[in-house]
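Reviewing the structure listed below.
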Amino acid sequence: MNTISKQIDLSKVRTVVYHLPDGKSYEVEVEGLEQFLDFGVGKICDTSEINGTVHFYPKGNA
């Protein structure tokens, strides 16, 4: 079981990109939604320090 070793600073996140197993991806603007984010099981690529984006690859697509 993988665990997140680094906390994500949501104050720097502007967009979450969900990459789905079928190849599609969806961008979600985070402003005002921080308290509702639950990434679930999968891999996270945090580039928020660079461009304000977090990429999430759900289990099965990670």
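Need pairs with beta-carbon distance below 8 Å; first residue on the phi > 0 side of the Ramachandran plot and of a type in the set (A, V, I, L, M, F, W, C) and within segment 47-62, second modelled with pLDDT under 90 and not in a loop (DSSP other than H, G, I, E, B); sequence gap 6+ or separate chains.
Close Cβ pairs (under 8 Å, with a partner that is modelled with pLDDT under 90 and not in a loop (DSSP other than H, G, I, E, B)) do not exist here.
Out of the residues in segment 24-62 meeting the condition of being in contact with a Lys or Arg (Cβ under 6 Å, 6 or more places away or on another chain) and farther than 11 Å from V13 by Cβ, tell me which one is modelled with the highest pLDDT.
Result: Y57.
The values are calculated or read from the model by the stated rules, or taken from the named source; none is laboratory data. Note that this is a predicted model, so its numbers are computed, not measured. Reconstructed Cβ throughout: ideal geometry from the backbone, glycine too, with neighbour counts over all protein chains shown.
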